[in-house]
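Every number here is computed from the coordinates shown, using simple stated rules; none is lab data. Values in this document were obtained by computation on a predicted structure and should not be read as measured data. Glycine also receives a Cβ, built like all others from the backbone with ideal geometry; neighbour counts cover every protein chain displayed.
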Amino acid sequence: MPELPEVETIKRELEKAVLGKKITKVCIHHARVIRSPAPAVFQKQLKGVAIKKILRKGKLLIFELSNAKALAIHLKMTGQLIYPGQDTKETRVCFHLSNGKKLSFNDRRLFGELRIVDDWRQLQFVKGLGPEPFEVSIEQFKAMLAAKKTRIKPLLMDQTFISGVGNLYAAEALFRARIDPGRAASGLSEKEKEALFNEIRATLDEAIRYKGSSIDQYVQLSGRPGSFVSHHQVYDKEGKPCLICGTVIKRIALGGRGTYFCPKCQR
């Protein structure tokens, strides 16, 4: 699933490409991705409205519209936004714009969700989100960890604890901070908490600079892959030597997800 760097990349590219443009027509090729309102109403409420602002909250994209409503898009596992778009066998919704170009929502597995809402802040998903890594101070982060006996890797992936970090970037940040993913969050030293805080933010910043990681279906708005994959230090490197010590990288199941780590460097 696209995480904070991937969704932030798309958000920034959308701002350059479609901000201020009107939606002249909406073609729905598969109604399953339209969660609300009904497809016909969805089309009617978007026709002729301008895209006034584009926001990101966690892994959610929000288009604030000229009719005081908002279009909320969750890419989920396989969703893509492509501009300029064209209809393909994986195109589920196509937005025709006032400049004669299209913005396509593609989703091979139909996991994505599109909603028109009056106030996106009232979505249950949004109300349940924890703060983003860039919204908290080091002292706040330390306090958040202090009472958590949960293992640190699943905790970082819990969107109600801290939002935007998923499996990939949790693994990368923990490796760079030299922390075993199976340790209890409350058992980390003050120095380890500070290192983890810094590495989460630094890893996300670096991934944004490289336009995200294309490991599954994620692509930039242009359809090109993100290039942060070549900068991964541990994720998806099972059986390969650790870049620091040469020990073979291991993969274990933790919190229901595959977790990559170095058994020597991460303690």
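For the listed residue pairs Lys22/Lys69; Lys21/Lys69; Lys57/Lys240; Lys53/Lys193; Lys148/Lys193; Lys44/Lys69, the alpha carbons are over 24 angstrom apart in Lys57/Lys240; Lys53/Lys193. With a Förster radius of 22 Å, plug the Cβ-Cβ distance of Ser36 and Asn67 into 1/(1 + (r/R0)^6) and report the FRET value to the nearest 0.05. That pair, Ser36 with Asn67, gives E of 0.90. Distance from the Cα centroid of region 154-198 to that of region 3-55 is 33 Å (rounded to whole angstrom).
Work through the residues other than Ile51 whose Cβ is under 9 Å from its Cβ and net out their charges, Lys, Arg +1 and Asp, Glu -1.
Its environment carries a net charge of +3.
Work out the FRET efficiency for Lys127 and Lys52 from their Cβ-Cβ distance, taking R0 = 25 Å, and round it to the nearest 0.05.
Calculated transfer efficiency: 0.65.
The gain in end-to-end length when the Glu194 to Ser98 segment is fully stretched comes to 29.7 nm, 0.36 nm per residue minus the alpha carbon separation. The slack in the chain from Ala146 to Gln86, taken as 0.36 nm per residue of separation less the alpha-carbon distance, amounts to 16.6 nm. In the chain the Cα-Cα distances spread across 5 Å bins starting at 0 as 1, 6, 12, 16, 17, 14, 11, 9, 7, 4, 2, 0 percent of all pairs. Using the Cβ-Cβ distance between Cys27 and Tyr210 with R0 set to 25 Å, the FRET efficiency from 1/(1 + (r/R0)^6) comes to roughly 0.15. Here region 145-267 is described by how far its Cα atoms reach on the three principal axes: 43, 34, 26 Å, from widest to narrowest. The modelled label-to-label distance for the pair Ser222/Arg108, using points 7 Å beyond Cα in the direction of Cβ, is 2.2 nm. Stokes-Einstein diffusion for region 100-215 at 25 °C, viscosity 0.890 mPa s, with a Kirkwood radius from C-alpha pairs, works out to 154 µm²/s.
The alpha-carbon atoms of region 106-163 define a convex hull whose volume equals 131 cubic angstrom per residue. Put in line by how crowded their Cβ is, counting other Cβ atoms within 10 Å and starting with the fewest, Leu65, Leu19 read Leu19, Leu65.
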